[in-house]
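The values are calculated or read from the model by the stated rules, or taken from the named source; none is laboratory data. These numbers were taken from a predicted model, which means no experiment stands behind them. Every residue, glycine among them, receives a Cβ derived from its backbone with ideal geometry; neighbour counts consider all protein chains shown. Surface areas here come from the heavy atoms of the whole protein model, side chains and all, with no ligands, DNA or RNA. Shrake-Rupley method; radii C 1.70, N 1.55, O 1.52, S 1.80 Å.
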Amino acid sequence: MHHGKCGSKMIVTEGMSFWKNKKVLVTGHTGFKGTWLCELLNIHGADVYGYALEPPTDPSIFDIINTKERITSYKGDISDFDRLFGVFSDVKPEIVFHLAAQPLVRESYVNPRYTYQTNVMGTVNVLECMRQLPSVRSMVNITTDKVYDNVEWCWGYRETDRLDGFDPYSNSKSCSELVTHSYIRSFFKDIAISTVRAGNVIGGGDFAKDRIIPDCVRSAVSGEQIQIRNPYSVRPYQHVLEPLCAYMLIAEKQYVDTSFADSYNIGPDYTNCVTTGKIADTFCNLWSGAEWIDKSDVHAPHEAGFLKLDCSKIKQKLGWKPEWDIDQTMKKTIQWYKAYFDHEDMEKVTIRQIEEFKEVRMGNSMEYRADSEKEYAMV
């Protein structure tokens, strides 16, 4: 276990003063999204603690950018209640982000029992620690856009739509939502808890199997054709920093005012919900020599064909909006991987991309406020 704050350039952003010295626990912090979230929190001045198993892939972004040097890291299984309770007791976190999960659809068909054990009872364990220990004021449970009963319609799903994921992964996350809602109603009158359903996340540092970008990268590096399972499926693809900044915004807002605690969708605007084939095309245009082939299989395990999210609630209630379109998202993602294979300093590359994203976000926020003031002045 090591704790420190060396190596990262501090940047001035909205919310910086709020996060300074806040005790924040991230479950699943050694994963792709968890690592990026730890870096964001660290940059904002939080005291970051993580609870997770070893990184789920080799290589892993957690090891590549040495995140363990900048946070306090505890090793443990989210299914191990006694171990988790001990960490909660030691840390006494004020804010919790629950990301620990078995996150893969196809893996859930192979190991359904493990998927439910991790994703459902893992959520129960986190909430039970919060019930028995009084330190937490704000908690965000990260689920998935796949929690909805997908009827393959063309509209975006809203937070009020029916929860009933098809496959064991998606369904276990629907269960995680229901467990959270029960604990909120039964036990947590004064603790702010939100569940967040983010669309498909891409970005540098993902090395998981059966995900579009890691599959593309592995094939391109090895000189093989990229095999695309579902080239016509439509997904709400977004850069990893989009939902992570939204998670932090939700956690901050509800910490200050519990009325912001709710269920939220987080995804791109409709024009940036694209087919997997479009993602593969863009990748091949940006990665010289790469090409893909259609490997659709009618006998493959079921995966949703069409999925979009309606993100009106978080836009109207919290003022959030996506910043990078799909082309910018793909460009930044491939820049990260190329830097990695060119043996660049990946901590610096990662921090630089966070800075670039935050600059765009701050600039757009200022433009939005200026436009709003102009409209107000004209009334």
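What about LEU163, is it open to solvent by less than 10 Å² (accessible area, probe 1.4 Å) and aliphatic (A, V, I, L, M)? Criteria not met by LEU163. Answer yes or no: is there a residue in region 244-258 that is at pLDDT 95 or above and assigned to a loop (DSSP other than H, G, I, E, B). Looking for residues that are at pLDDT 95 or above and assigned to a loop (DSSP other than H, G, I, E, B), one finds at least one in region 244-258, hence yes.
Residues in region 236-260 that are open to solvent by less than 10 Å² (accessible area, probe 1.4 Å) and more than 20 Å from HIS44 (Cβ to Cβ): PRO236, GLN238. Set side by side, the residues CYS273, CYS284 differ, and just one is in contact with an Asp or Glu (Cβ under 9 Å, 6 or more places away or on another chain) and more than 20 Å from VAL140 (Cβ to Cβ), which is CYS284. Restricting attention to region 274-296, the residues that are within 28 Å of ILE314 (Cβ to Cβ) and either open to solvent by 70 Å² or more (accessible area, probe 1.4 Å) or of a type in the set (D, E, K, R) (or both) add up to 1.
Within region 163-202, being hydrophobic (A, V, I, L, M, F, W, C), assigned to a helix (DSSP H, G or I) and under 30 Å from VAL274 (Cβ atoms) holds for one residue alone: CYS175. Each residue in region 112-156 was checked for being without any contact (Cβ under 8 Å) to a residue 24 or more places away in the chain, within 23 Å of PHE32 (Cα to Cα) and not in a helix (DSSP H, G or I), and 0 pass. Within region 261-273, one or more residues are polar (S, T, N, Q), open to solvent by 20 Å² or more (accessible area, probe 1.4 Å) and more than 30 Å from PHE188 (Cβ to Cβ).
Quick check on region 34-51. Is at least one of its residues open to solvent by 40 Å² or more (accessible area, probe 1.4 Å) and modelled with pLDDT of 95 or more? No, region 34-51 contains no residue that is open to solvent by 40 Å² or more (accessible area, probe 1.4 Å) and modelled with pLDDT of 95 or more.
Restricting to region 131-141, and then to whatever is in contact with a helix residue (DSSP H, G or I) (Cβ under 9 Å, 6 or more places away or on another chain) and open to solvent by 10 Å² or more (accessible area, probe 1.4 Å), can you tell me which residue is nearest to ARG197 (Cα to Cα)? Filtering first and then ranking leaves ARG137. If the condition is being small (Gly, Ala, Ser) and either under 21 Å from the mean Cα position of the chain (by Cα) or part of a loop (DSSP other than H, G, I, E, B) (or both), then region 293-351 contributes SER296, ALA300, ALA304, GLY305, SER312, GLY319. Residue count for region 52-68, restricted to those that are open to solvent by 40 Å² or more (accessible area, probe 1.4 Å), in contact with a strand residue (DSSP E or B) (Cβ under 9 Å, 6 or more places away or on another chain) and farther than 20 Å from THR118 by Cα: 1. Are any of the residues in region 150-159 under 28 Å from SER312 (Cα atoms), among the hydrophobic types (A, V, I, L, M, F, W, C) and surrounded by 20 or more Cβ atoms within 10 Å (Cβ to Cβ)? No, that holds for no residue. Scanning for something closer than 20 Å to PRO243 by Cβ and modelled with pLDDT of 95 or more, does region 84-92 turn up at least one residue? So far as region 84-92 goes, no, none of its residues is closer than 20 Å to PRO243 by Cβ and modelled with pLDDT of 95 or more. Each residue in region 208-230 was checked for being within 19 Å of ARG106 (Cα to Cα), part of a loop (DSSP other than H, G, I, E, B) and open to solvent by 70 Å² or more (accessible area, probe 1.4 Å), and 1 of them qualify.
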